[in-house]
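Working notes, beginning with the structure itself.
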Amino acid sequence: MSDHPGRQSSSALHVLQVSAELFPWLKTGGLADVTGALPGALAPYGIELRPLVPGLPVFLKAVTDRCFVAKVETPWGDALEINRVQFESSRFGWAYVIVAPQLYERGGTPYEDDDKQAFGDNHRRFAALSWAAMSLGQGLDPAWSVSLVHAHDWHAGLTALYMKVYRSHVWPQVPCLLTIHNLAYQGLFDAKHLSELAIPQDCWHMDAVEFHGQISMLKAGIAYADAISTVSPRYAREILEPDQGQGLHGFLRLHADRLIGLLNGIDTNTWNPAKDPLIEKSYQATNLAAKEQNVLALQSILGLEPRTTGPRCAVISRLTEQKGLGLIVEAAETMIQSGAQLVVLGSGDETLKRQFDALHARFPGKVNFRSGFDEHLAHQIIAGCDVILVPSRFEPCGLTQMYGLRYGCLPFVHLVGGLADTIKPWHFGKDDALHPDDLSNGFGFERDSSESFLQCWHEMMMCWHDRPAWQKLQKRGMSLALGWDVAAANYAALYDRMISSAAHKH
Ligand code: ADP
């Protein structure tokens with residue numbers, strides 16, 4: 001056993017998880033699902049993972065038990081009060097919240113105001129999150145000594161830098177893991193904030209914090225973290241190439257020996273068609289016929305025609321360029337001609353909203369578009385549809401295709417990133433007695449083009465008309481182990497390696 005003071009024994013591994021989002025209290029995307037799931041998933045490994053989040057109103061409202069830990073002042077003069085808290089209906093124990101009304105108690109999302117403008121002081125708001133993480137990592141809470149800090153995305157990117165630069169001489173160095181959920185979001189800020197954020201001048205170069213003349217919080221994390229993970233093995237390889245590297249591929253290659261891809265799991269309690277309180281009728285692989293009641297309920301909620309000859313297709317997504325939804329807009333007419341219906345739930349880009357509104361108006365009773373973020377409706381859609389469309393141009397992991405597998409709602413995906421790691425495409429003539437080892441569980445297209453999308457669509461329609469083949473795919477998907485067990489074992493092993501390696505350095 002390591003003699004590293006942060007790791008007393010395998011039953012006392014303390015991991016501080018730093019993130020801006022945490023399911024179920026605050027979610028704008030997959031980041032929240034992951035940070036919400038990890039504490040529970042790692043508990044069986046003897047790992048106590050405590051989230052640290054900024055004191056945004058939704059988090060403060062959810063606090064049921066609060067204990068003052070310490071006051072911290074950032075170098076730029078923000079007073080932070082660190083509280084140890086319990087959240088209502090939490091599936092885990094303690095968490096930490098930074099109470100700092102001047103930074104966090106306002107409307108909008110964690111990142112933008114109600115007019116969708118990034119907050120002008122985001123550099124300080126997220127640097128404060130990292131500063132608090134660094135302080136907790138160096139013994140701020142005498143009741144809980146941290147063994148490892150696990151920072152998520154650019155929001156917590158400065159954590160590793162602060163931990164290295166402002167290393168305490170009385171506290172042992174604690175390793176820091178950075179998980180990148182999406183390389184497209186890098187936390188870029190004007191270079192004039194460098195000294196304000198207490199980033200030393202010698203970190204200001206292209207192998208550290210600087211990205212084309214700006215401060216990159218994500219790059220700072222990559223440069224200074226002891227290990228970097230991303231959310232699927234394929235995405236970990238893709239980001240080393242110019243196509244998907246978002247300008248950081250060269251830099252990431254320098255750090256490739258510290259980069260690993262660990263596929264996300266999904267929360268199989270929240271996403272379980274056999275016990276989902278949010279859907280009309282529960283069902284499982286052995287009574288798939290009951291799924292039909294969810295189809296009818298959804299059609300009635302959304303004003304869609306009950307009779308269809310094609311699959312009911314769903315999109316549940318942020319409406320952004322990344323998600324490749326333009327391919328669906330282009331293919332919609334062909335899809336409708338095939339007898340399909342289309343249900344889109346999404347929030348984001350105004351142009352995409354207008355395009356889906358136009359489809360809704362053009363194909364009444366066959367297309368429905370709901371603008372907004374609606375967790376309840378998302379469950380009803382997955383339960384009430386036959387196909388989930390995920391045509392992302394790039395996809396670090398993707399969760400909705402895994403929800404689809406679990407609900408017998410077959411994924412139709414662009415074979416990139418985590419989509420390629422989770423979906424084995426069906427091909428006509430392959431899934432028969434000659435191929436008993438076939439593992440296909442959905443449909444996938446190779447190229448980011450309408451042609452490739454439509455080719456896959458037509459192949460999928462062949463499967464749709466072959467009911468036994470379709471049901472076989474549904475049952476196979478529903479029986480897959482998609483929970484956090486595998487991912488949790490991988491994270492636990494990574495934490496262990498990082499802690500032993502840190503111990504050897506001391
Ligand atoms: P990303 O993190 O890029 O947004 P993921 O597929 O990894 O994509 O995760 C998206 C998560 O957000 C899923 O849990 C999905 O169900 C949910 N989601 C996305 N848009 C909506 C929406 N409009 N309403 C409800 N849930 C949504």
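Read-outs: derived from the displayed coordinates by stated rules, not from any lab. Only a predicted model underlies this, so the values are computations on that prediction, with no experimental measurement involved. No Cβ is skipped: glycine too gets one built from the backbone with ideal geometry, and neighbour counts run over all protein chains shown.
Can you tell me which lysines have their Cα less than 23 Å from the Cα of K71? Leave out same-chain residues fewer than eight positions away.
Qualifying lysines at Cα under 23 Å: K61, K164.
Would you list which lysines come within 25 Å of K291, measuring only between C-alpha atoms, while excluding same-chain residues fewer than 8 positions from it?
Candidates past the 8-residue exclusion: K275, K281, K366, K424, K472, K475.
If I take every Cα pair under 8 Å that is 6 or more residues apart in region 285-479, average their sequence separation and divide by the length, what percent do I get for the relative contact order?
Result for region 285-479 is 21 percent.
Can you tell me the FRET efficiency between H193 and F68 if r is taken as the Cβ-Cβ distance and R0 is 30 Å, rounded to the nearest 0.05?
Once rounded, the FRET efficiency stands at 0.50.
How long is the gain from E321 to D357 if the chain were fully straight, where each residue apart is worth 0.36 nm and the alpha carbon distance is subtracted?
11.3 nm
State the answer as a single residue: which of G108, C176, N287 lies farthest towards the positive end of the charge dipole of the chain, with beta carbon charges of +1 for Lys and Arg and -1 for Asp and Glu, about the Cα centre.
N287
Which ³J(HN,Hα) values, rounded to whole Hz and listed in residue order, are derived for region 360-365 from phi using the Karplus coefficients 6.51, -1.76 and 1.60 in 6.51 cos²θ - 1.76 cosθ + 1.60 with θ = phi - 60°, glycine and proline given as x?
Coupling constants for region 360-365: 4, 6, 6, 10, x, x Hz.
Mind listing the long-range amide H neighbours of F443? Cut-off is under 5 Å, sequence gap 5 or more, other chains count too, H placed in the peptide plane at 1.01 Å from N.
Under 5 Å from the amide H of F443 lie the amide H atoms of F412, V413, W426, each far enough along the sequence or on another chain.
Whole-Hz ³J(HN,Hα) for each residue in region 94-107, computed from phi via Karplus 6.51 cos²θ - 1.76 cosθ + 1.60 with θ = phi - 60°, x for glycine and proline: what do you get?
So the J values, rounded to whole Hz, are 7, 9, 10, 10, 9, 8, 7, x, 5, 9, 10, 8, 7, x.
Provide T179, T334 in ascending order of the number of other Cβ atoms located within 10 Å of each residue's Cβ, fewest first.
The fewest-first ordering by Cβ neighbours comes to T334, T179.
Hey, what do the phi angles of region 403-420 turn into as Karplus ³J(HN,Hα) couplings, whole Hz, using 6.51/-1.76/1.60 and θ = phi - 60°, x for Gly and Pro?
4, x, 3, 5, 9, x, 10, 5, x, 10, 9, 7, 7, 10, x, x, 5, 5
For region 403-506, which trypsin sites (Lys or Arg not before Pro) are both in a DSSP coil and crowded by at most 13 other Cβ atoms within 10 Å?
When the trypsin sites (Lys or Arg not before Pro) of region 403-506 are filtered for loop state and at most 13 Cβ neighbours within 10 Å, K430, R447 remain.
Calculated FRET efficiency, T28 and S500, Cβ-Cβ r, R0 25 Å, to nearest 0.05?
Given R0 = 25 Å and the Cβ-Cβ separation, E is 0.10.
Any chance you could check the Cα centroid distance between region 21-72 and region 456-506 for me, in angstrom?
So the separation of the two Cα centres works out to 24 Å.
How much length would be gained if the chain were fully extended between V486 and F428, taking 0.36 nm per residue of separation minus their Cα-Cα distance, in nm to one decimal?
17.8 nm
Taking the Cα centre of the chain as the origin, how large is its charge dipole in debye, to the nearest 20, when only Lys and Arg (+1) and Asp and Glu (-1) carry charge on their Cβ atoms?
For the chain, the charge dipole is close to 700 debye.
At 0.36 nm per residue, minus the direct Cα-Cα distance, what do K116 and T309 gain on full extension? Give it in nm, one decimal, please.
Full-extension gain reported as 65.4 nm.
If you average the C-alpha positions of region 123-182 and of region 312-343 separately, how far apart do those two centres end up, in angstrom?
Here the answer is 41 Å between Cα centres.
Pull out a ≥ b ≥ c, the square roots of the eigenvalues of the alpha-carbon gyration tensor of the chain, then state rounded if a/c is under 1.5, prolate if not and a/b is larger than b/c, and oblate in the remaining case.
prolate
Run down the aspartates and glutamates and flag those whose C-alpha is under 15 Å from the C-alpha of K116, throwing out any fewer than 8 positions away in its chain.
Once the sequence-local aspartates and glutamates are set aside, what remains near K116 is D349, E350.
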